[in-house]
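The values are calculated or read from the model by the stated rules, or taken from the named source; none is laboratory data. All values reported here derive from a predicted model rather than from experimental measurement. Every residue, glycine as well, gets a Cβ built from its backbone with ideal geometry; the counts of neighbours run over all protein chains shown.
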Amino acid sequence: MPKELQIDKLDFNERSLISDTIFQQAPIGIAISYSNEPVVFKNNLVRINPELERITGRTYKELVKLGWDNITHPDDIEEDMNNLKKLQRGEIDSYSMEKRYIKPDGSNVWVYIVVAKFNLQNDYKYNYICLVQDISDRKAVEKALVESERSKSVLLASFPGMAYRCNYDHEWTMQFVSDGCFELTGYTSDNLLYNKDLSFNDLINSEYRDLLWNEWDRKLKNKQPFKYEYEITTAKGERKWVIEFGQGVFNKQGDIEALEGIILDITDRKNMESSLEYINEIDTWTGLYNRRYLENLLVHDAKIVTTKKRAVVSINLSAVQLLSMTYGFHYSQELIKKVADNLKSLCNDDRQLFNTYENRFVFYVKAYKDKNELVEFCWAITKIIEPILIIEKISVGIGVVEIDEDNKKDVELILKNLLISSEKARRNIDKYFGFCFFDAEMEAQLLREQNIILELTKIVEDENCDSLYLQFQPILDIKTNQICEFEALARIKNDELGPISPLEFIPIAEKTKLIIPLGDIIIRKALRFLKLLEENGHDKIGVSINVSGIQMLRNDFLKNLFDIIHDMQVNPSNIGLEITESIFFSNYQDINYILAQLKAFGIKIAIDDFGTGYSSLARERELNVNCLKIDKYFIDNLLSLKSDEAITGDIISMAHKLGHNVVAEGVEHNKQRQYLLKHGCDKIQGYLISKPVDEEIAINLIKIQYI
Ligand code: C2E
Ligand code: CA
Ligand code: CA
């Protein structure tokens, strides 16, 4: 049964009880007025419920006394009054409006009122009911919203870029764009909204479109803010750098509803950066791009799919530093500039020139036909710079590396191989000019070097590794014909690489600094042999050990050596160290100090390969050395030169005057031995006596008479 009918069936008392309860407890303000006058606000008969008292902050008595006009905000009176008049005149049956009441403390309360005719069974002509809803909360929110809208629009209008809200689609369909759009893109927001004339994607330069999409995709997946720099083309056709900050707007289910963000013009900043980059990437002296720029370019071009051939051609000038030392820095700089200027004449769209190091130039050659074209180009380079460099006796090595699918991504490797090939070209030539392509053979050589490094590492990591071993070559006292010493010579045998000569692995060990631990292992092995000699009753026979410069210059070299000697209980005066003259280049004072300490400990020092280095004999006097080992070169000379032409004898007598012993190296023939004996040489070493041999054989050699 419908409710109304139920109510209808209630008796009057019950009905009035219900309506009374509603009146008293309703969460809405209710006023019922009975009046004879069309518009009466005061002193008319009124019923007011407690909620209305609460809303207005006033008691029934106050309300009746003050009347509606006194508690209605002055701005709302007129509308209220007009409406009421219409109602009273019967023009309308009801009206509603939002208005403000003034509370006793002077504050306003916003209300929504519905005023309607109310027919009561009484004598009064005008009966009204007024329902009052407190909407101050809603109004406060609305006000804040208006305020925030206002400040947002002020902000967006004065914003130096473009704020947007767009769909997450490939067109970046704009739902909203701020006025800054025009300044930034040259298009109005109207042009862009909902892709009316064009989409935002159309503005983005094509090379960035995929990158941008992928970046958004990545960020949205992780719900991270988006930031990206890219270029757009404006309505006027100019390129502009922009930075975009944005974020995804997600709904409750976590789906993307839209993207919002701002886009700013950063062209000025980019210009500044690129001019800084220019300074960084240009060699200011030659005006050529530097290595950094070349590297970037090669990395960039590696990504381009093309069938065109690419190569780098390097031009290395030797001895420029020497020239600086002789004629001053300015002189060599002028020369470099001259070379640069001449090389520039070979540049064209497909041949770009770089100054990668002080004395190194690189051509980046594109779209060449074949290797022959590169060869011709190398000749052209030679022809153009030869006249400048030949008078300065500067040699030039030209290296070439062709860039292919295999190496294109490893720019560092390309440049390394380029250096290797040009250095090889420079070293290989008798002439001042030469060129060399980086090829399979050089690559194999590099691979072998890497394998040797692996082997060396294995040796220094595992003390028991027996691939490193020593052989010993006797040194004969030329007067007594007795073996007085052995030189320890290191060897490596490896199943895959075969026997590796020290001439090959020592320079690699030096380059990689592995010589330091390796040197210690060699010293230990050599001293073990010395111990063996002692144990076999040969306590006057010494062992000579080759030592590298970097090994000796290490801080703890002396301590380490003395510790080993102490550990192994050998006689220091039976130990010799061989060093080359080049060691003095690095630090004469330090080395001589170390030598003095070694000498004080009884250890003998020999200068190896004497005569091939740069040091002058005059200086040798100050050196704390005992012995000079004359290089095989001067011994070989004895075979081809007449006795009176050879200077070998002079070297011997000068060395003696300086108080040094003399050992002749690489003696292979009796003729040489006779000359050396005649000129007072102290000791000889070479195949004439014996090749380097294993230790048991070495010990057996001692017994032999070498007459
Ligand atoms: P080096 O110190 O001048 O050693 C002499 C080199 O000449 C040895 O070559 C030796 O085998 C060779 N030789 C000796 N007599 C003759 C001869 O009559 N005719 C010819 N043609 N050659 C002769 P090896 O053993 O190949 O050593 C080469 C170089 O490697 C050595 O030259 C030395 O500079 C270096 N080296 C060898 N062992 C070590 C080491 O333990 N430490 C260091 N730092 N360098 C080493
Ligand atoms: Ca030696
Ligand atoms: Ca030597």
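Would a scan of the range 343-356 turn up a residue that is at pLDDT 85 or above and part of a helix (DSSP H, G or I)? Yes, that holds for at least one residue. Whether any residue in the range 585-595 is touching a Lys or Arg at 6+ places or on another chain (Cβ under 9 Å), within 16 Å of ligand 1 (Cβ to nearest atom) and at negative phi is what I want to check. Within the range 585-595 (the criterion being touching a Lys or Arg at 6+ places or on another chain (Cβ under 9 Å), within 16 Å of ligand 1 (Cβ to nearest atom) and at negative phi), the answer is no, since none of the residues qualifies.
Going by what's in this entry, would VAL305 be described as in the same structural domain as ILE414 (by TED's automatic domain parsing) and either modelled with pLDDT of 90 or more or small (Gly, Ala, Ser) (or both)? Against the criterion (in the same structural domain as ILE414 (by TED's automatic domain parsing) and either modelled with pLDDT of 90 or more or small (Gly, Ala, Ser) (or both)), VAL305 does not qualify.
In the range 568-586, the residue that is farthest from ligand 2 (Cβ to nearest atom) out of those that are farther than 18 Å from ILE630 by Cβ and of a type outside the set (A, V, I, L, M) is GLN569.
If the requirement is being touching a Cys at 6+ places or on another chain (Cβ under 6 Å) and more than 16 Å from ligand 3 (Cβ to nearest atom), which of these qualifies: ASP520, ASP495, ASP477? Result of the check over ASP520, ASP495, ASP477: ASP477.
Quick check on GLU449: is it assigned to a helix (DSSP H, G or I), away from ligand 2 (no atom under 16 Å from the Cβ), surrounded by 18 or more Cβ atoms within 10 Å (Cβ to Cβ) and not aliphatic (A, V, I, L, M)? Against the criterion (assigned to a helix (DSSP H, G or I), away from ligand 2 (no atom under 16 Å from the Cβ), surrounded by 18 or more Cβ atoms within 10 Å (Cβ to Cβ) and not aliphatic (A, V, I, L, M)), GLU449 does not qualify. Where strands (runs of 3 or more DSSP E) fall entirely within the range 610-687, none has at least 1 residues that are within 16 Å of ligand 2 (Cβ to nearest atom) and among the acidic types (Asp, Glu).
Evaluated against (1) within 15 Å of ligand 3 (Cβ to nearest atom); (2) buried (at least 19 other Cβ atoms within 10 Å of the Cβ); (3) in a loop (DSSP other than H, G, I, E, B), SER690 falls short on exactly one condition, (1). Per the listing SER467, SER422, the residue uniquely under 30 Å from THR382 (Cα atoms) and either among the hydroxyl-bearing types (Ser, Thr, Tyr) or within 16 Å of ligand 3 (Cβ to nearest atom) (or both) is SER422.
Any residue in the range 183-197 that is aliphatic (A, V, I, L, M), farther than 23 Å from THR267 by Cα and touching a strand residue (DSSP E or B) at 6+ places or on another chain (Cβ under 7 Å)? Yes: the range 183-197 contains one or more residues that are aliphatic (A, V, I, L, M), farther than 23 Å from THR267 by Cα and touching a strand residue (DSSP E or B) at 6+ places or on another chain (Cβ under 7 Å).
In the range 67-97, of all residues being in contact (Cβ under 8 Å) with a residue 12 or more places away in the chain and hydrophobic (A, V, I, L, M, F, W, C), the one that is farthest from VAL115 (Cα to Cα) corresponds to ILE71.
Residues in the range 663-680 that are away from ligand 3 (no atom under 15 Å from the Cβ) and within 18 Å of ASN626 (Cβ to Cβ): GLY680 alone. Out of ILE414, ILE388, one residue alone is closer than 24 Å to ARG292 by Cβ, in a helix (DSSP H, G or I) and of a type outside the set (Ser, Thr, Tyr). It is ILE414. For the range 95-107, the set of residues classified as more than 15 Å from GLY29 (Cβ to Cβ) and surrounded by fewer than 16 Cβ atoms within 10 Å (Cβ to Cβ) consists of PRO104, ASP105, GLY106, SER107, listed by residue number. Which residues, taken from the range 480-513, are of a type in the set (S, T, N, Q) and within 14 Å of ligand 2 (Cβ to nearest atom)? Hit for the range 480-513 is SER501, nothing else.
Considering the range 562-579, and only residues there that are touching a strand residue (DSSP E or B) at 6+ places or on another chain (Cβ under 8 Å) and of a type in the set (S, T, N, Q), the residue that is farthest from ligand 3 (Cβ to nearest atom) turns out to be SER573.
Within the range 431-446, the set of residues being over 15 Å from SER421 (Cβ atoms) and either surrounded by fewer than 13 Cβ atoms within 10 Å (Cβ to Cβ) or among the polar types (S, T, N, Q) (or both) comprises just one member, LYS431. A single member of ALA340, ALA380 is surrounded by fewer than 20 Cβ atoms within 10 Å (Cβ to Cβ), over 33 Å from the mean Cα position of the chain (by Cα), of a type in the set (Gly, Ala, Ser) and not in a strand (DSSP E or B), and it is ALA380.
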